[in-house]
Amino acid sequence: MDENLSDGVVFAQPTNIEQRIDAGQACMLRTALEPPALVDGMDNAVSSAWNAIPERLVLVGLDGSVVYKSGPGPMFFLPAEWEEAISSYTREQAMAS
């Protein structure tokens, strides 16, 4: 996408798990996200199991339930909606404690 090029967010397709982790870490640092992120294995088992092709933003609750799942990305990512889901869930967890 043109936006990715202009923002300097371009990664070659990873050929091993280390490259995939490096790309994930770069994205986390660039967006200043604090929640932990998980990286799918090279077999894309999680992506396949969650029907996350091409990619999704997912918030998984402490109990393992899916709290938020974006539309297919990157074209249907709504970052503000995802951030609101994170904030809302965090508030709910704080109030429940």
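Pairs needed: first member in the stretch 26-37, polar (S, T, N, Q); second member anywhere, surrounded by 10 or more Cβ atoms within 10 Å (Cβ to Cβ) and modelled with pLDDT of 70 or more; C-beta distance under 9 Å; at least 6 residues apart or different chains.
Filtered contacts from the stretch 26-37: Thr31/Pro79.
Report the residue count in the stretch 1-23 for those that are under 17 Å from the mean Cα position of the chain (by Cα) and modelled with pLDDT of 85 or more.
Residues that pass the stated criteria total 8.
Kindly indicate the residue of the stretch 27-43 that is within 12 Å of the chain's Cα centre (by Cα) and hydrophobic (A, V, I, L, M, F, W, C) and also modelled with the highest pLDDT among those meeting that condition.
Val39
Tally the residues that are assigned to a loop (DSSP other than H, G, I, E, B) and more than 24 Å from Ala96 (Cβ to Cβ), restricting the search to the stretch 16-40.
Residues meeting the conditions: 4.
Residue by residue through the stretch 69-81, note down the ones that are modelled with pLDDT of 85 or more and part of a helix (DSSP H, G or I).
Ala80, Glu81
Any residue in the stretch 50-71 that is in the same structural domain as Trp82 (by TED's automatic domain parsing) and of a type in the set (Gly, Ala, Ser) sitting within a Cβ distance under 8 Å of a residue that is surrounded by 16 or more Cβ atoms within 10 Å (Cβ to Cβ) and not in a strand (DSSP E or B)? List the pairs, counting only those 6 or more apart or interchain.
Gly61/Tyr89; Ser70/Arg56; Ser70/Leu57; Ser70/Trp82; Gly71/Arg56
Give the residue that is farthest from the chain's Cα centre (by Cα), with candidates limited to residues of the stretch 82-97 that are assigned to a helix (DSSP H, G or I) and of a type in the set (Gly, Ala, Ser).
Per the stated criteria, the residue is Ala96.
Can you name every residue in the stretch 41-68 that is among the hydrophobic types (A, V, I, L, M, F, W, C), over 25 Å from Asn16 (Cα atoms) and part of a loop (DSSP other than H, G, I, E, B)?
Once the filter is applied, which keeps residues that are among the hydrophobic types (A, V, I, L, M, F, W, C), over 25 Å from Asn16 (Cα atoms) and part of a loop (DSSP other than H, G, I, E, B), the stretch 41-68 yields only Leu62.
The values are calculated or read from the model by the stated rules, or taken from the named source; none is laboratory data. Quick caveat: nothing in here was measured; it's all calculated off a predicted structure. We place every Cβ from the backbone using ideal geometry, glycine too, and count neighbours over all the protein chains shown.
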